[in-house]
Every structure is written in structure tokens, then in C-alpha cells.
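Heads up, the thing below is written out as C-alpha cells.
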Amino acid sequence: MGVGRTVLEKQAKAKRELLRRQELALCREGSIVKGLWIPGPLYWLHFVIGDDDEPAGVHTFDERWQEKRTEPFPRFPGPDTLPYLPWVFSRFLEAKRLFLEKSRDMMATWCAIGYAAWSCQFFSKTRVIVQTQKEEKVFDLIKGKDAPGYARTLYERQPVWLQQRHPLSRPMELQSQGEITWANGSVLMGVPKGADQIRQYHPTLVIFDEAAHLDEFQPAYGNADLVASQVIAVSSAGPSWFGDVCSDAKQAG
């Protein structure tokens, strides 16, 4: 009985390992799900399998959960509830320079930080810089100060087996409030407003959050354009250079 049980356990372990390797490939490369192409980062955020006692996908944090009477850590939405998500993540993957207008309920910032965390976790030696107006907001988007930040939430609310496959360089509690580093050499960091905050680095990706309301966004973008492989700006509407660029793009068709 003991030998037979050992064989079955080894077979189950091998099967689970094969399934997880397949999931890792889908998280990196994407997959067709129910006839719809799902880009890699969205597959990770919504579809990736959990452990035996864990739900699928990665989970976010909803500050309005008490008002809505919902769970505080909902699963990252998929195309069944937000049909435009495959398009958004496809644009993240394809566009070297992207301006994305958002509304509050679009979850565009969660999408951008999700793309940033995915880039760092699945691809070694990736440096992502997120710039927003105030230092407090920087903390909110990365590790967090009093409450877990966006990126920290996504990392810690993914299946445990993925955290084990993609460990951090040091425990989360020892990371700085505005930076998360992985053992693979990747860094996700945030900086507050300022035209010269980015020029000292050579990042893989720069994300501007609420670009229409960011002081010195135009020169900051100009500096990022010189040094970054990819630049993404997301923002709600507002009179600004960001708004002018989006308006010109709409008029141009």
C-alpha cells in the first residue's frame, strides 16, 4: 500500500508540475479562451489557475467594498465583465508609445500596474518606473504605506505557487514603500512629479498615471521618450498637453 501510494503521489506531483509549466507559458504568451484571444498579462490576472484550495486569477482591492457590500479583494475582472480588456492589454503589448484616456470605472490604473507587475515578474532585469503627482500616490500604486499598494496587492493576491516561482529579492515587509524588487533582477519603482525624475535611468517601461493632472508632464514625457523602451500615459480627462494629444489623435482618425 505504501509503495502504491508513493507512486500515485509522484504521478500527481508530476502532473501538477506539468500543468503549472503550461500555465506559466500561457501567462507569458497569452492564449485563446472561449474563442477570444487573451494577452499574457490578462491571462495571468484573470485566468491563471490557483492552488487546490485557492481561486483562479489574481485579486485586487476595492476601497469601496463596504459601500458596495462586496468582497474587499475581488478577482481581477475578465472580458466577460469588461469586454475591452483584451484590447487594452493588446495595446500595452504592441504600442511603444501609448496615451490612454480613462474613466473611474475602467480600472485603467489597475490594468497599467498589472502590466507593470507582469513585466517585472515574468521577464528578468526589467525596470519599470511609475510617475504620478504626489509621493503618497506613488506609495499607493507600488508597495503602499498604511494599506497595501496596487502592485503589492497583485503580487500577494496571486496564487502561492506563482509567488514561489517568482520570489522577491527580499521579503515584502523589507521593501521600500515606493519600490518592489524581484530575485530575477526586475524593479518596479515609483517617483513623484518632476521633469527630471526619469532621465537618470534607462527603464524598460515608464507609466505616467493621471498624466493630464501631472505637473511638468510634457517635459517628463520628453525625457522618458529618450531613455525608455516603452512609455504609457493613462489619465482621466482634463485640459492639458495629454488631452491635446488625445484630441488630435481622435481627429486624425
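The values are calculated or read from the model by the stated rules, or taken from the named source; none is laboratory data. What you are looking at is a predicted structure, and each value in this text was computed from that prediction instead of being measured. Backbone-built Cβ (ideal geometry, glycine too); neighbour counts: all protein chains shown.
General remarks:
- Of the residues making up segment 183-209, those that are touching a Lys or Arg at 6+ places or on another chain (Cβ under 8 Å), part of a loop (DSSP other than H, G, I, E, B) and not aromatic (F, W, Y) are N184, G185, S186, P192, K193, H202, P203, T204.
- Within segment 59-77, residues that are modelled with pLDDT of 80 or more sit with their Cβ atoms under 7 Å from residues that are of a type in the set (S, T, Y), at 6+ positions apart or across chains, in these pairs: T60/T153; F61/T153; D62/T70; F73/T60; P74/T60; F76/T60.
- Answer residue from segment 133-148, given it is buried (at least 24 other Cβ atoms within 10 Å of the Cβ) and in contact with a Lys or Arg (Cβ under 8 Å, 6 or more places away or on another chain) and is nearest to G114 (Cα to Cα) among those: I142
A quick yes/no check of all residues on (1) closer than 25 Å to Y221 by Cβ; (2) within 13 Å of the chain's Cα centre (by Cα); (3) among the hydrophobic types (A, V, I, L, M, F, W, C); (4) in a helix (DSSP H, G or I):
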| site | (1), (2), (3), (4) |
| --- | --- |
| V130 | yes, yes, yes, no |
| Q133 | yes, no, no, no |
| F139 | yes, no, yes, yes |
| D146 | no, no, no, no |
| R152 | no, yes, no, yes |
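- Within segment 47-66, at least one residue is exposed (fewer than 10 other Cβ atoms within 10 Å of the Cβ) and part of a helix (DSSP H, G or I).
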